[in-house]
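Following: one structure in structure tokens, then a few remarks.
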Amino acid sequence: MLEITLFSLLNGTVYGLLLFMLSSGLTLIFSMMGILNFAHASFYALGAYFAFQISRYIGFWPGLIFAPLIVGLIGAGVERYALRHVHKFGHVAELVFTFGLAFLLEEIIQFIWGNDQRPYHGPDILDFPLFVMFGANFPAYKFFMLSISILIFIGLLLVLTKTRVGLIIQAAITHPHMVGMLGHNVPLVFMLTFGTGTALAGIAGVIAGPVMGTYPAMATDLGSIVFVVVVIGGLGSLGGALVASLLIGIVQTFAVAINVSVNDFLNLIGVSFGPDHFLVDLWTMTLPMMAPLIPYLMLILILIFRPTGLFGNRET
Amino acid sequence: MSTLGNMRRAMNAEAKRRQRLYWTVLAAVLAVLPWVFSSSFAVSIMTQIGIASIFALSYNMLLGQGGMLSFGHAVYFGLGGFLAMHFMNYIEGGFPLPVPLLPIIGGLIGLLFGVIFGSFSTRRAGTVFAMISLGIAELIASSSLIFVKFFGGEEGITGDRTMGAPFLNFNYATDIEVYYIAAIWTFIAMFAMYWFSRSPMGRMANAVRENPERAEFIGYSQRKVRLISFCASGFFAGLAGGIFAIAYEIVTEETLGLNQSGSVLLMAYIGGIGYFIGPVIGAILLTLLRTVLSNFTDIWLLYLGLIFLATVLFAPAGLSGLLMMHGPAYKARRMGLLLVPYATMAIPILITTIGITGILELAHFAQNTSVDDRVMMLYGIPSNIDSLLPWAVLVGLAGIGIYGIRRAKAGVLEAWDQANAPIAPGGQDKS
């Protein structure tokens with residue numbers, strides 16, 4: 001049990017911090033522009049694919065630098081040349097646009113790189129077990145993911161609270177018009193935020209691609225979970241995004257690791273059903289099977305009972 | 001006073017007469033279509049269009065009329081389909097229900113889940129509603145793989161529509177019979193949805209979409225209005241699902257999946273959410289794209305994505321919006337002014353399309369071909385992907401086309417302004 005707990009905690013933290021890298025960008029973009037970017041996870045996928053392409057020619061490490069930069073540039077371009085234009089047509093049009101963008105980006109990825117998973121691997125230098133515990137080893141690459149995520153979190157926090165740009169961003173979140181009046185170029189700030197947010201998603205893709213797999217549907221597989229995270233944490237709250245990311249990450253890893261079924265509970269209280277019962281799927285349901293459902297159940301419950309999210313102060 | 005009343009009455013009578021004419025024409029077209037396009041491929045496409053039309057119209061009850069952007073509308077479509085399929089199997093076991101009435105079962109299930117999910121998701125519109133709909137969609141999609149007994153796992157569940165007792169001597173073995181079931185239901189559902197949109201209830205849905213606070217002040221609960229729209233929409237989505245079950249005799253988890261929810265959004269938006277007819281146009285177009293275009297190219301989904309984004313960016317009112325924009329010019333009898341500028345615009349657009357699709361097709365071919373097979377038949381012309389010529393020609397075409405579009409733009413805008421200029425008071429204008 002201790003073994004399961006420790007490993008689930010570690011893996012859950014790695015996964016949770018990865019979610020945070022995506023959700024931090026998403027939540028920043030939302031709080032500034034009021035846009036829930038459906039295509040956010042597509043930029044994550046783009047990051048992984050660009051890094052894969054770069055790693056084939058000049059190795060993993062340059063990919064870690066250049067792939068997020070390219071993704072960020074693309075993101076800034078999308079904001080500048082499309083989103084700003086759609087903004088005139090209202091919120092629904094913006095949501096529909098980012099939804100369409102996610103659809104199109106997935107098709108473009110399939111067009112360029114094909115339907116199959118691409119062999120994108122981490123660097124050889126990190127290909128060793130960091131430590132062995134209870135006979136299972138913890139790969140160094142996961143520790144590397146963990147450190148990058150933490151570094152990014154600290155960097156983001158410092159930029160937002162200690163620098164002038166961070167102050168302008170914070171002000172633009174709540175009072176965009178006033179910031180404009182003071183002579184700051186708010187559209188430029190928006191573009192940079194969108195670029196930075198998508199670049200963060202790109203970094204997440206670069207470091208997660210080797211572990212989670214680099215395939216066309218990687219965006220859709222993670223995209224909805226990232227939404228769950230930002231909504232549970234409270235839209236626009238970075239701290240909330242961090243807590244919710246860790247929460248979802250750890251809950252999901254634990255749910256996969258602990259193999260209990262509804263039947264076990266029923267047996268505890270002395271009830272049992274035959275295998276031919278109409279609702280047999282209910283009795284044989286196990287926690288690992290439930291794992292994909294849990295985040296969405298949490299999302300719906302949060303939206304019903306606390307629409308501001310755990311740490312948010314405005315309604316979604 | 002009485003003249004005004006008379007005028008209004010005359011206008012109403014005129015409008016009613018026109019309405020009756022439209023619906024009669026629709027019924028006639030639906031009845032005659034399978035004789036005009038009689039191949040079984042065409043008949044099955046038309047059945048598909050009918051199903052898609054009902055589904056897209058029901059979606060537009062939410063998005064267009066109620067201002068609720070849903071990412072999980074296929075849930076109601078799919079659940080309706082699954083239940084209809086289960087009932088089809090009960091019919092085989094002797095349950096006394098004629099097969100053509102199965103869609104009602106689907107509709108009732110859609111309605112039931114509309115009540116359940118609507119009860120908590122319609123409290124707000126906007127982003128909250130969209131997020132809850134996404135959550136529900138993911139929840140049901142994941143559940144469909146867990147509850148194998150009901151959803152049949154990855155294979156889905158199947159049935160046989162011909163096993164029921166014959167109803168008026170039909171046993172539904174042929175495509176034509178299925179088409180007529182779908183066509184009759186399409187007519188009924190379209191009429192009912194049109195009636196709903198024109199009813200006081202439909203008008204209140206519009207009011208709540210535009211300004212929920214004011215709707216509250218005149219005494220309507222925004223939540224109740226949304227809930228009623230939501231339930232009605234769920235009913236018609238389930239109905240469409242029921243027809244789907246009859247037509248295909250198989251329902252899988254994809255039927256209620258996120259892709260299906262996305263595709264109905266695409267249909268409604270490309271067709272145009274502002275007009276009743278919009279989603280039908282979208283349903284026809286997308287079904288044709290899916291069935292016909294996919295025969296010609298592997299990358300039709302890429303084209304679909306491009307078309308969708310182009311619609312959002314350049315024609316947010318959709319195709320029906322583009323058509324309806326010309327209403328004033330048509331009434332002013334000035335469509336002639338637009339003819340030449342439109343033609344000069346259409347040519348470069350066509351050239352650009354040929355160039356860009358050519359590049360995409362050629363690139364796609366280059367990626368998937370072997371070393372020996374280097375020549376592709378592009379637009380009927382053998383093109384060697386290793387030589388520079390086809391690429392240069394296509395890039396040139398695209399470039400010329402884009403240049404032409406930019407040149408023609410000013411002319412179109414000018415003609416548009418002329419055609420829509422207010423008519424000079426006191427008589428016929430000279431322009």
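The values are calculated or read from the model by the stated rules, or taken from the named source; none is laboratory data. Values in this document were obtained by computation on a predicted structure and should not be read as measured data. Here Cβ is always computed from backbone atoms with ideal geometry, including for glycine, and neighbour counts include all displayed protein chains.
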Residue within region B:312-331 that is buried (at least 17 other Cβ atoms within 10 Å of the Cβ) and without any contact (Cβ under 8 Å) to a residue 24 or more places away in the chain present: yes
Verdict on A:I203 being modelled with pLDDT of 90 or more, of a type outside the set (K, R) and either touching a Gly at 6+ places or on another chain (Cβ under 8 Å) or part of a helix (DSSP H, G or I) (or both): yes
Qualifying residue in region B:153-169 (condition: touching a Ser or Thr at 6+ places or on another chain (Cβ under 6 Å), touching a residue at least 12 places away in the same chain (Cβ under 8 Å) and assigned to a helix (DSSP H, G or I)): no
Check on B:G274, farther than 27 Å from B:H364 by Cα, more than 10 Å from chain A (Cβ to nearest Cβ) and outside any helix (DSSP H, G or I): yes
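Conditions (1) out of contact with any Phe, Trp or Tyr (no Cβ under 9 Å at 6 or more places or on another chain); (2) in contact (Cβ under 8 Å) with a residue 12 or more places away in the chain, marked per residue:
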| position | (1), (2) |
| --- | --- |
| B:E177 | no, no |
| B:A183 | yes, yes |
| B:F187 | no, yes |
| B:E216 | yes, no |
| B:A232 | no, yes |
| B:I243 | no, yes |
| B:A247 | no, yes |
| B:T255 | no, yes |
Qualifying position, being assigned to a helix (DSSP H, G or I) and in contact with a strand residue (DSSP E or B) (Cβ under 7 Å, 6 or more places away or on another chain), among B:A232, B:A245, B:A240: B:A245
Hits in region B:339-375 - residues which are among the polar types (S, T, N, Q) and modelled with pLDDT of 85 or more: B:T352, B:T353, B:T357
Any hit, region B:298-305, residues being without any contact (Cβ under 8 Å) to a residue 24 or more places away in the chain and charged (D, E, K, R): no
Odd one out for A:I35, checked against (1) among the aliphatic types (A, V, I, L, M); (2) part of a helix (DSSP H, G or I); (3) in contact with a helix residue (DSSP H, G or I) (Cβ under 6 Å, 6 or more places away or on another chain); (4) within 25 Å of B:L134 (Cβ to Cβ): (2)
Count of region B:277-302 residues which are surrounded by fewer than 19 Cβ atoms within 10 Å (Cβ to Cβ), part of a helix (DSSP H, G or I) and at the interface with chain A (Cβ under 10 Å from one of its Cβ atoms): 1
The one condition in (1) closer than 23 Å to B:I116 by Cβ; (2) not in a helix (DSSP H, G or I); (3) not small (G, A, S) that B:Y172 fails to fulfil: (1)
Count of residues meeting criterion [surrounded by fewer than 10 Cβ atoms within 10 Å (Cβ to Cβ) and polar (S, T, N, Q)] in region B:1-49: 2
Residue that is surrounded by the most Cβ atoms within 10 Å (Cβ to Cβ), among those in region B:332-372 that are among the charged types (D, E, K, R) and away from every other protein chain (no Cβ under 14 Å): B:R334
Residue match in region A:155-171 (condition: within 30 Å of A:M1 (Cα to Cα) and more than 22 Å from the chain's Cα centre (by Cα)): no
Matching option when the condition is surrounded by fewer than 16 Cβ atoms within 10 Å (Cβ to Cβ) and within 13 Å of chain B (Cβ to nearest Cβ), among A:I35, A:I112, A:I65, A:I58: A:I112
From the options A:I109, A:I70, residue that is within 30 Å of A:L36 (Cβ to Cβ), modelled with pLDDT of 85 or more and touching a Pro at 6+ places or on another chain (Cβ under 6 Å): A:I109
Selected residue (only one of B:I277, B:I284, B:I354 is assigned by TED's automatic domain parsing to the domain that holds B:S383 and in contact with a helix residue (DSSP H, G or I) (Cβ under 8 Å, 6 or more places away or on another chain)): B:I354
From B:F113, B:F129, B:F82, B:F87, residue being assigned by TED's automatic domain parsing to the domain that holds B:L266, closer than 30 Å to A:L235 by Cβ, at pLDDT 90 or above and assigned to a helix (DSSP H, G or I): B:F113
Flag if B:A173 is away from chain A (no Cβ under 14 Å), more than 30 Å from A:N37 (Cβ to Cβ) and surrounded by fewer than 18 Cβ atoms within 10 Å (Cβ to Cβ): yes
Pick from region B:85-104, criterion closer than 18 Å to B:A232 by Cα and surrounded by 24 or more Cβ atoms within 10 Å (Cβ to Cβ), ranking: farthest from the other protein chains (Cβ to nearest Cβ): B:P103
